[in-house]
Amino acid sequence: MTERAIIFVNGHLPDFEAARCLIRPDDFLIAADGGTCHALALGLLPSIVIGDLDSLTPDDRQRLEGSGVEIRQYPPDKNETDLELALRTALEADYRSILILAALGDRLDQTLGNLALLTAPSLVEVDVRLDDGVEEAYFVRTQADIQGCPGDTVSLLPWGGLSEGVTTEGLRWPLRSETLRPDKTRGVSNEMLAEIATISLKSGLLLVIHRRQNRQS
């Protein structure tokens, strides 16, 4: 199994138990400033906490330092968000699979900024996803499998221009080499028919948003 980094962000985490199920014992844990609170609430200690640390309480910082957690503090007046710094840290450690927790919801500007970060050229060869246990979001450039359950909602949104030659398998309303436009809603609110659905496209950038049904673990 590919080694993976998990980055905790200081956003909304709607279901802690669903989020817990995403974490593997061998994941390398990074907390972007206030995302530390989510890691601690799950009973986890990150290996690195990074950012301007304006959301970190003195008690939490003392606890982290006492446990040997590496603290990387940056000045508040910086050009990058804490998540961008954490992503850079994961890439410098050569992780090619990165899961970002609690980066969806809450503030719209932060959510859009977090999504835009995933389009960076440095991430083209990296499997990087935003997830909160309920929804996951990631970009597809050529082909991807969606793993879920029948009834899960899948939306396909062209990003920054046309997505051409879009073909799907395993969705209720199939696409057959279609062009999705950013000013149309053709790819919104499809539905999985099985545990795996497949998406491919010939050109463009496609944002996949997969919302899991409410169901028992």
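What follows is calculated from the coordinates using simple rules that are stated; it is not laboratory data. Quick caveat: nothing in here was measured; it's all calculated off a predicted structure. Because the Cβ atoms are built from the backbone with ideal geometry, glycine has one as well, and the counts that use them run over all protein chains shown.
Here is how the numbers come out for the structure above:
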{"read-out": "Gain in span if fully extended, Leu123 to Leu40, counting 0.36 nm per residue against the direct Cα distance", "value": "27.1 nm"}
{"read-out": "Percent antiparallel among DSSP beta bridges (both partners in the chain, rounded to 5)", "value": "60 percent"}
{"read-out": "Long-range tail of P(r) for the chain (Cα pairs > 27 Å, %)", "value": "34 percent"}
{"read-out": "Extension reserve of the Glu92-Arg211 stretch, reckoned as 0.36 nm per residue once the Cα distance is removed", "value": "39.8 nm"}
{"read-out": "Per-residue Cβ neighbour rank within 10 angstrom, fewest leading, Leu112, Leu180, Leu201", "value": "Leu112, Leu180, Leu201"}
{"read-out": "Loop-resident sites, the range 71-151, for GluC sites (Glu not before Pro), counting at most 10 other Cβ within 10 Å (DSSP)", "value": "Glu125"}
{"read-out": "Cα radius of gyration and Dmax for the range 73-112 (Å)", "value": "11.8, 30"}
{"read-out": "For the range 77-122 and the range 172-217, distance of Cα centres in Å", "value": "23 Å"}
{"read-out": "For Asp54, net neighbour charge (Lys/Arg +1, Asp/Glu -1) across residues whose Cβ lies under 10 Å away", "value": "-3"}
{"read-out": "Fewest-first ranking of Arg181, Arg24, using other Cβ atoms within 10 Å as the exposure measure", "value": "Arg24, Arg181"}
{"read-out": "Whole-number D in µm²/s for the range 143-211 (Stokes-Einstein; Kirkwood sum over Cα pairs; 4 °C, 1.567 mPa s)", "value": "112 µm²/s"}
{"read-out": "Estimated inter-spin distance, Ser67 and Ser47, nm [label 7 Å along Cα→Cβ]", "value": "1.5 nm"}
{"read-out": "Radius of gyration and maximum dimension Dmax of the range 5-133, Cα, Å", "value": "13.5, 39"}
{"read-out": "Stretch in the chain that is longest and holds no trypsin sites (Lys or Arg not before Pro) that DSSP places in a loop and that have at most 16 other beta carbons within 10 Å", "value": "1-77"}
{"read-out": "Net dipole in debye of the chain [+1 Lys, Arg Cβ; -1 Asp, Glu Cβ; about Cα centre; nearest 20]", "value": "740 debye"}
{"read-out": "13 Å beta-carbon shell around Phe28, net charge (K/R +1, D/E -1)", "value": "-3"}
{"read-out": "Difference of contour (0.36 nm per residue) and Cα-Cα distance, Ser155 to Arg107", "value": "15.2 nm"}
{"read-out": "Inter-probe distance in nm under a simple model that places probes 7 Å from Cα toward Cβ, at Thr185 and Phe16", "value": "3.6 nm"}
